[in-house]
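J.: Quick one: the structure is below, and I'll ask about it shortly.
The values are calculated or read from the model by the stated rules, or taken from the named source; none is laboratory data. If you're wondering where the values come from, they're calculated on a predicted model, not measured in any experiment. Please note: Cβ atoms are built from the backbone with ideal geometry, for glycine as well, and neighbour counts cover all protein chains shown.
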Amino acid sequence: MFSSESDGSRRTPKSVDLTVSLGPLRLANPVLPASGTFGYGLEAMEWLDLRRLGAVVLKSTSLAPRPGHRGVRVAETPCGMLNAIGLENPGVREALALVERLPEGVVLVASIFGNTEDEYAAVAEAFSRSPRISALEINLSCPNVAEGGLAFGRNPEGVARVTARVRAATSLPLWVKLSPDTCDVVAAAKAANAAGADALVLGNTMPGLAVDRRTYAPVLANVTGGLSGPALKPISLRLVYEVYRHVPLPIIGVGGISDAEDVLEFLAVGASAVQVGTAALRDPFVFERILAELPAALRAVGVDRAASFVGIAHRGGLRALAPSEGRGEAE
Amino acid sequence: MFSSESDGSRRTPKSVDLTVSLGPLRLANPVLPASGTFGYGLEAMEWLDLRRLGAVVLKSTSLAPRPGHRGVRVAETPCGMLNAIGLENPGVREALALVERLPEGVVLVASIFGNTEDEYAAVAEAFSRSPRISALEINLSCPNVAEGGLAFGRNPEGVARVTARVRAATSLPLWVKLSPDTCDVVAAAKAANAAGADALVLGNTMPGLAVDRRTYAPVLANVTGGLSGPALKPISLRLVYEVYRHVPLPIIGVGGISDAEDVLEFLAVGASAVQVGTAALRDPFVFERILAELPAALRAVGVDRAASFVGIAHRGGLRALAPSEGRGEAE
Amino acid sequence: MTSSIADVATPTPFADLPFFVKDVQALTSDLVLLDTVPAESLPPDAQPGQFFQILLEGGEVYLRRPFSLVTRLGVVHRFAVRVVGRGTSAIARLRPGDRLRLLGPLGTGFPLAPPGARKLLLLAGGVGAAPLASVLAAVAAGKTAFRTSDVAVVLGIRRSEEAVLARLFRPWAEPLLAVERPSRDAEGRVVPPVAFPGTALDAAFARWQELWPDPVPPEEIAVFVAGPKPMLEAAFRRLPAAARVYGAFEAPMACGTGLCRGCVVETAVGNVRLCREGPVLSREVHFPHLAPREGDAS
Amino acid sequence: MTSSIADVATPTPFADLPFFVKDVQALTSDLVLLDTVPAESLPPDAQPGQFFQILLEGGEVYLRRPFSLVTRLGVVHRFAVRVVGRGTSAIARLRPGDRLRLLGPLGTGFPLAPPGARKLLLLAGGVGAAPLASVLAAVAAGKTAFRTSDVAVVLGIRRSEEAVLARLFRPWAEPLLAVERPSRDAEGRVVPPVAFPGTALDAAFARWQELWPDPVPPEEIAVFVAGPKPMLEAAFRRLPAAARVYGAFEAPMACGTGLCRGCVVETAVGNVRLCREGPVLSREVHFPHLAPREGDAS
Ligand SMILES: Cc1cc2nc3c(=O)[nH]c(=O)nc-3n(C[C@H](O)[C@H](O)[C@H](O)COP(=O)(O)OP(=O)(O)OC[C@H]3O[C@@H](n4cnc5c(N)ncnc54)[C@H](O)[C@@H]3O)c2cc1C
Ligand SMILES: Cc1cc2nc3c(=O)[nH]c(=O)nc-3n(C[C@H](O)[C@H](O)[C@H](O)COP(=O)(O)OP(=O)(O)OC[C@H]3O[C@@H](n4cnc5c(N)ncnc54)[C@H](O)[C@@H]3O)c2cc1C
Ligand SMILES: Cc1cc2nc3c(=O)[nH]c(=O)nc-3n(C[C@H](O)[C@H](O)[C@H](O)COP(=O)(O)O)c2cc1C
Ligand SMILES: Cc1cc2nc3c(=O)[nH]c(=O)nc-3n(C[C@H](O)[C@H](O)[C@H](O)COP(=O)(O)O)c2cc1C
Ligand code: FES
Ligand code: FES
């Protein structure tokens, strides 16, 4: 009664089940790299066994190669960063050749991007022909290119059109990635659901700008870029929370996740899995660290299945866990 | 040539002109407290001479008193915070009585809020009858209340309707405050301009959520709250930059400003004045500090009028200043 | 319900000053004593129960963290900190010579002369000992209407190892110790042996007669309570209605200066800010409905 | 233009390890020497010109900051840091015992045996001395195709006070010093008196004959350049086309490990990442168009 910390009365499950189901796809664990912060996996395989990851999400890929933006592409901001890479990628043909170099047994999710609905469909078809690719993620929301993504992602009609078009072009599990820079994220999520998405990825970067204090011009050559990292976390947590209440699709949370406790926060608000982006730029060993800490973190809250923690923030938090499962309320 | 820092070749103007014009209103300097983080000025007058501020923006006020949200109202996030105060305020009649206690010579801007267009107009009329109030700021964007603000602020039509209605109800200078959580901030700004706004306040908090790591429930009793502080700065800078290019109204920048250098960043992207919110919660003496540092900061970049720095990021940054004005390019 | 906006009884003179860490001493696995010294000049004198908002340099956390001043001995400002999260963990990792900023003193503390009270009972729960130790120090310094011999201290702790918190009072009095989940020694005796097994409130009632040699009528007793919320509530509900009861409350704060209305609690007199009208609130004024009706068994 | 995505010549074995600050020594008002020692184990050996990504604990800045390793002497990893912004200011404020994390060694450094080269010219601008000092240390340690006597060092500095940077080379060689804006002593003489008044490149051309006792044909000379971008460009444009010229480039980086493509520059062979294919790029491969045409006056 006199102190508010919890104590030894926790149950400590011996082994923890990390597997997650994302619609038709079952993953060994919920920890994935985010698109664009992991290339095609070829660098990281030098220091990381990619098979340990729930899946690898590839860099967003377009039909033809894209050189990306010139000049300064990254800038630091308080507790985060801006990027304006400009979706540099070698095009879908070369991308498919690159993933051939990855070891067997790595679950691959291709992130697709197009300037037009036709292009989205063409990229989807190309990836779908590869037996290496297990799912597609539609990048509807990259704020760094004028033509494509964001225009579609901002309103539910655009989301529905692209999703339906890609749905018709592939039989792979289909994830739709939405951004916080939208009129109404719940409406966009519902549109994706109606158009055949199997899961939602929430969210993406938020458009921002950094000023160079030596020149007082924008740091980025592209002027604006996408805000990512811990600064973004509360925004992404809110997207997941809101969509979880209204749309019955599995959610993959992304935005500012840096440690196992962050993963638990996203599971709690309704994500079934998570993606880690910027934190992997700061610490290339972050995946090992999270995967090592996650079982203990789940045990510490008294659950033995990651899946049973999903959405508990909607049910009162730890209070929701049965006394036998969960450490109970702290006092 | 061998090092990239700038050096002694700067011109150092003796005195610096901090006055700014915001349409019909002229302020002695560009540093204002933000609405909701300064109450009605009565606390701060104990430790601060309010007449030193460019103006004082009052807590958003509704027609009738509002109790605000219960329970936990604030939460920390990486480089920022969430608030869900719920627009607690004593109603316009009591607000007018409170400001009577402020010393003469303080320029007051009333922030108005309503659940309906009628209520906005009624609050505007009430404040307009007071000789103490120099301008009105329409809070269209508070994310903490279901009924009012955000619904209006999110689309250009709502912005236009409320602005026009308030414009008709007052002859005071009229500021419209917009949020980053909008479909299209430039369209909203244009709508405010067309409906008779004299200045734009950009931006406001962004909806977010924090999870309590002891209970894994949302920290805030209201579940979601508005993200403010340094984490928000890149988002607000981007709003100011974009609107400055497209709308010919003076802009008051707000979001994460904590020091004189931050003020310069906002002036550079196009703000004529700034508001400081969360930083004043962290440091109640922040205004004195900024006002003390601002002349030197402006001198350091070689300008002797704050106004002549406004928008230089759109003209190439310091390079834009004539060699006699500005320290020139740092190599 | 918003009656108290800017209704400030007394203007609060406070300063924001740089301090150095003098010492960080671990009391238990999650309790530290933080001693700080001003780098430039002294802040204004604090009233017992007032607090400081500590700013950690380096950006590990963004907002300040509120802590009750335990004592000021010479220039040393002492705080007792329970490690519960990110900010308090950072405090526990501080090293001598590290810099902090201290904003304060803030808020409204305990009354120095509660009307009608001859005796004072300090009822501390865990690190709630901090603000109450500041009361005892003020008593010993002759700044209140009480003499040290008028004051009884009951300290409730959760685990036996927290008995070290008694040190905060020890310069001036030996608290009656209550241990909620006592350890036992090899012979099965409660450790420390003098401790009452139970809560501070239980201990106070059980030993009520021993607190002062002569019986004192409740209306002549003031009780200051500081501890977790359930303890405050239980004290307000169970202590005799005639006693003057004051509690030191806690709520998450952003500013600590009354600007943000983040720390507001609902009371009988409307919304009050714990950082300004509080952190010390009076049962009589703010929570009269909690008091037992006259004659109720406690 | 994206030819180089994941085309990695050699896998880069690196580690992310905790280090302690051993010493932070101010060289000038904005230059510090940072000596660090591993808290647990040693990172892999660095090639000259490779860099480490330094993570500051405490959250003052979010991303890591890239710095060339100057030398590793025993377990001491030394960096030379120019204070230009928030992160480098935080580094300048570090105290012995503070913790850091070092990720590295990263990137592709200078070639140890540039084809055909018998002599080596190190052309340093300001804190560009850091990566070139690491080259000289490797030469002295017998890890390259050169002997110390094959190496000439020209150090260009902006202001006389930066002459202390010569210390970085001094264990092994005395650099020819060029001062762009020299101070003068009471008698109007350039300080230090041995210095050439002008840029490092000007100095190199003016004293070309003196760099080595015997004349060396350009095709037998390798030139390693490190300094601000205009210096690199000038060197690439003016140094004889037959010489093998390599430059250490800088760009804002997020990851330093090749993941983000934030540090990409356009070259003759497409977009290359400075953190992986670089930071050392070769004029021949990456910027052949900059080389003067054979016979051009420099
Ligand atoms: C007036 C006052 C006096 C206090 N005196 C003491 C004291 O003497 N010793 C002591 O150990 N603790 C004291 N506390 C509680 C202490 O402020 C919190 O434990 C501390 O802020 C938690 O910070 P954290 O970063 O470790 O926790 P986190 O949970 O990571 O903090 C997140 C946010 O929540 C806030 N928060 C969390 N718990 C509390 C709480 N109980 N009260 C206020 N804010 C909270 C933090 O300030 C921060 O803004 C006092 C609180 C108040 C309001
Ligand atoms: C491979 C490499 C090796 C380097 N070696 C050295 C060295 O040995 N000594 C030294 O003093 N400096 C070196 N630099 C430059 C050094 O990294 C920057 O000066 C430093 O990152 C600036 O950080 P800041 O926070 O002080 O500046 P800020 O301007 O506040 O930094 C903001 C952001 O911009 C980035 N940034 C700014 N300037 C540069 C720059 N010139 N290069 C890369 N990123 C930059 C920062 O890393 C940070 O992400 C090197 C850079 C690279 C790429
Ligand atoms: C350098 C960089 C490049 C990115 N590229 C892509 C991309 O190609 N496709 C995409 O969908 N998202 C891209 N993102 C967004 C991330 O996938 C992720 O949604 C976002 O950064 C938020 O997560 P984080 O805070 O963990 O980084 C990129 C982010 C960064 C920082
Ligand atoms: C505690 C708190 C209360 C706020 N209340 C209001 C309000 O009543 N009206 C309003 O327009 N904005 C309100 N805001 C938003 C601020 O005015 C400001 O737009 C926002 O916080 C961003 O600026 P900052 O990062 O400097 O705080 C509030 C912000 C905070 C933190
Ligand atoms: S904490 Fe801001 S008003 Fe109390
Ligand atoms: S810094 Fe990320 S790829 Fe080079």
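J.: Please tell me if C:SER160 is buried (at least 18 other Cβ atoms within 10 Å of the Cβ), of a type in the set (S, T, N, Q) and more than 18 Å from the chain's Cα centre (by Cα).
T.: yes
J.: Being in contact with a Pro (Cβ under 9 Å, 6 or more places away or on another chain) and either closer than 21 Å to C:GLN209 by Cα or more than 16 Å from ligand 1 (Cβ to nearest atom) (or both) is the filter here; which residues of region C:147-165 pass it?
T.: Hits for region C:147-165 are C:ALA152, C:VAL153, C:VAL154, C:LEU155, C:SER160, C:ALA163.
J.: Do we have any residue at all in region D:253-263 that's more than 16 Å from ligand 1 (Cβ to nearest atom), touching a residue at least 40 places away in the same chain (Cβ under 8 Å) and farther than 27 Å from A:ALA210 by Cα?
T.: no
J.: Residues of region D:76-101 being of a type in the set (Lys, Arg) and away from ligand 2 (no atom under 13 Å from the Cβ), which ones?
T.: Within region D:76-101, D:ARG95, D:ARG99, D:ARG101 qualify.
J.: If you scan region D:245-275, which residues turn out to be over 13 Å from the mean Cα position of the chain (by Cα) and outside any loop (DSSP other than H, G, I, E, B)?
T.: Of everything in region D:245-275, those that are over 13 Å from the mean Cα position of the chain (by Cα) and outside any loop (DSSP other than H, G, I, E, B) turn out to be D:VAL245, D:VAL264, D:VAL265, D:GLU266, D:THR267, D:GLY270, D:ASN271, D:VAL272, D:ARG273.
J.: For region B:278-323, which positions are more than 8 Å from every other protein chain (Cβ to nearest Cβ), farther than 21 Å from B:THR19 by Cα and under 20 Å from the mean Cα position of the chain (by Cα)?
T.: B:ALA279 - this is the single residue of region B:278-323 that is more than 8 Å from every other protein chain (Cβ to nearest Cβ), farther than 21 Å from B:THR19 by Cα and under 20 Å from the mean Cα position of the chain (by Cα).
J.: Just to check your reading of the model, which residue among D:GLU250, D:GLU233 is crowded, with 18+ Cβ neighbours inside 10 Å, farther than 28 Å from A:VAL57 by Cα, charged (D, E, K, R) and within 13 Å of another protein chain (Cβ to nearest Cβ)?
T.: D:GLU250 is the lone residue from the list that is crowded, with 18+ Cβ neighbours inside 10 Å, farther than 28 Å from A:VAL57 by Cα, charged (D, E, K, R) and within 13 Å of another protein chain (Cβ to nearest Cβ).
J.: Further question on the same structure: Name the single residue that is farthest from D:PRO213 (Cα to Cα) among those in region D:137-149 being without any contact (Cβ under 8 Å) to a residue 40 or more places away in the chain and of a type in the set (A, V, I, L, M, F, W, C).
T.: Here the residue is D:ALA141.
J.: Answer yes or no as to whether D:VAL216 is assigned by TED's automatic domain parsing to the domain that holds D:VAL139, buried (at least 21 other Cβ atoms within 10 Å of the Cβ), within 30 Å of D:VAL179 (Cβ to Cβ) and more than 16 Å from ligand 6 (Cβ to nearest atom).
T.: When the stated conditions are applied, D:VAL216 does not pass them.
J.: While we're on this one: Just to verify a result, which residue in region A:232-242, among those that are in contact (Cβ under 8 Å) with a residue 60 or more places away in the chain and closer than 12 Å to A:PRO180 by Cβ, is farthest from ligand 1 (Cβ to nearest atom)?
T.: The residue in question is A:LEU239.
J.: If the Cβ limit is 9 Å and pairs must be 6+ apart or interchain, which residue in region C:92-121 that is modelled with pLDDT under 95 pairs with which residue that is part of a loop (DSSP other than H, G, I, E, B) and among the basic types (Lys, Arg)?
T.: Going by the 9 Å Cβ cut-off, the qualifying pairs are C:GLY97/D:ARG95.
J.: Could you please let me know if B:ALA260 is modelled with pLDDT of 95 or more, small (Gly, Ala, Ser) and over 13 Å from the mean Cα position of the chain (by Cα)?
T.: yes
J.: Among C:LEU102, C:LEU121, which is the only one that is touching a Phe, Trp or Tyr at 6+ places or on another chain (Cβ under 9 Å) and either closer than 14 Å to C:ILE54 by Cα or within 14 Å of chain A (Cβ to nearest Cβ) (or both)?
T.: Of C:LEU102, C:LEU121, the one residue that is touching a Phe, Trp or Tyr at 6+ places or on another chain (Cβ under 9 Å) and either closer than 14 Å to C:ILE54 by Cα or within 14 Å of chain A (Cβ to nearest Cβ) (or both) is C:LEU102.
J.: Can you go through B:VAL166, B:VAL185 and tell me which one is more than 22 Å from B:HIS246 (Cα to Cα), touching a residue at least 40 places away in the same chain (Cβ under 8 Å) and within 16 Å of ligand 4 (Cβ to nearest atom)?
T.: On inspection, the qualifying residue turns out to be B:VAL166.
J.: Another question, if that's okay. Residue by residue through region A:37-58, note down the ones that are in contact with a strand residue (DSSP E or B) (Cβ under 7 Å, 6 or more places away or on another chain) and at the interface with chain D (Cβ under 8 Å from one of its Cβ atoms).
T.: A:PHE38
J.: If I go through region C:49-63 residue by residue, how many of them are in contact with a Lys or Arg (Cβ under 6 Å, 6 or more places away or on another chain) and more than 14 Å from chain D (Cβ to nearest Cβ)?
T.: 2
J.: Return the only residue of A:GLU88, A:GLU76 being acidic (Asp, Glu) and farther than 16 Å from A:SER228 by Cβ.
T.: A:GLU88
J.: May I pose another question? Residue by residue through region D:269-293, note down the ones that are more than 16 Å from ligand 3 (Cβ to nearest atom) and within 14 Å of another protein chain (Cβ to nearest Cβ).
T.: D:VAL269, D:GLY270, D:VAL272, D:GLU277
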